[in-house]
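Step one of this worksheet: look at the structure below.
The values are calculated or read from the model by the stated rules, or taken from the named source; none is laboratory data. The structure presented is a predicted model; accordingly, all values stated were derived computationally and were not measured. Cβ: placed from backbone, ideal geometry, glycine included. Neighbour counts: every protein chain shown. Keep in mind that these areas ignore ligands, DNA and RNA; they rest on the heavy atoms of the full protein, side chains included. Shrake-Rupley method; radii C 1.70, N 1.55, O 1.52, S 1.80 Å.
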Amino acid sequence: MIKINEVIVVEGKSDKIKLERLVDAVIIETGGFRIFKDTELRNMLRDLAEKRGLIILTDSDSAGFAIRNAIIGSVDSKYIKNAYISEVKGKERRKRNPSKEGLLGVEGVSDEDIFEALRRAGVNLSKNCTEKPENTRKITKTDLFEDGFTGSADSSERRKKLEQRLNLPTHLSTNKLLEVLNVLLTYEEYKNLTKSIF
């Protein structure tokens, strides 16, 4: 599996599932047009971009370009790599009907088309492309539990404070929160932030 340092932004869950088979990277979904209304999501993407850089990989139809432009409007262009898939006519297997424009989206194009889009965007696709040493201590679910962000009566309130301090959306799942924390913070930074909040 190919390790990619930048955060990849896709439109939906099916796109994310496809990419998770191909690359080892943090992959964030926009929830389609939710990006237009969700200020917290845009703020989070801006923070992730400044820390790691963003690769925008949306569908090649007009909706995909509208979502791409919403992200571009929120994030400094120096942190963005635009990956464009080819316009391929067709219909995804899971869908009953083709899209409005009759084009395959990220989930429907070939794996090679995805890799080619990433290459054209200037993404390093070498197998061991990583900036952080592999032995860096990661933040884990156990850490979240021990620090009271899960599993206790006031967990949701404590979590909300953490998310607000980092300008994160307050509706992140535990797994997504962990992914984002491990991009934004080292373990030591996380522990210091936890102490400063409580």
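Choose one of Ser126, Ser99, Thr136: the residue whose Cα lies farthest towards the positive end of the charge dipole of the chain (beta-carbon charges +1 Lys, Arg; -1 Asp, Glu; about the Cα centre).
Of the options given, the answer is Ser99.
Can you tell me how the stretch 54-167 classifies by the Cα gyration tensor, rounded, prolate or oblate, using a/c under 1.5 as the rounded cut?
It is prolate, given that a/c is not under 1.5 and a/b is the larger ratio.
With each run of n ≥ 4 DSSP H residues scored as -39500 (n - 2.57), what mean residue ellipticity at 222 nm is computed for the chain after dividing by its residue count and rounding to the nearest 500 deg cm²/dmol?
-13500 deg cm²/dmol
Would you mind working out the accessible area per residue for the stretch 90-198, using a 1.4 Å probe, and quoting it in Å²?
60 Å²
Positive end of the charge dipole of the chain (Lys, Arg +1 and Asp, Glu -1 on Cβ, about the Cα centre): tell me which of Phe33, Leu48, Ile85 has its Cα farthest that way.
Phe33
Heavy-atom accessible area of Tyr84 with all protein chains present, probe 1.4 Å, nearest 10 Å²?
Surface open to solvent at Tyr84 totals about 100 Å².
Which whole-percent values make up P(r) of the chain when all C-alpha to C-alpha distances are grouped in 10 Å steps starting at zero?
Pairs per bin, as whole percents: 8, 34, 33, 18, 6, 0.
With only Lys, Arg, Asp and Glu charged, each at its Cβ (+1 for the first two, -1 for the last two), find how big the charge dipole of the stretch 53-198 is about the Cα centre; round to the nearest 20 debye.
200 debye
For the chain, which whole percent of the accessible surface, found with a 1.4 angstrom probe, sits on carbon and sulfur atoms?
48 percent
What are the ³J(HN,Hα) values, in whole Hz, obtained from phi via the Karplus relation 6.51 cos²θ - 1.76 cosθ + 1.60 with θ = phi - 60°, for each residue of the stretch 16-26 in sequence order, with x given for Gly and Pro?
Once rounded to whole Hz, the list reads 4, 4, 4, 5, 4, 6, 9, 9, 9, 7, 7.
Give me the one-decimal Kirkwood hydrodynamic radius in Å for the stretch 105-198, with the sum taken over alpha-carbon pairs.
One over the average 1/r among Cα pairs gives 15.7 Å for the stretch 105-198.
Which ³J(HN,Hα) values, rounded to whole Hz and listed in residue order, are derived for the stretch 145-157 from phi using the Karplus coefficients 6.51, -1.76 and 1.60 in 6.51 cos²θ - 1.76 cosθ + 1.60 with θ = phi - 60°, glycine and proline given as x?
Karplus values, whole Hz, x for Gly and Pro: 5, 5, 8, x, 8, 9, x, 10, 4, 9, 4, 5, 5.
Protein chains only, probe 1.4 Å: how do Arg52, Arg120 rank by accessible area, largest first?
Greatest to least solvent exposure: Arg120, Arg52.
Build a GNM of the chain with springs between Cα atoms under 10 Å: which of Glu116, Glu157, Glu29 gets the top mean-square fluctuation?
Glu157
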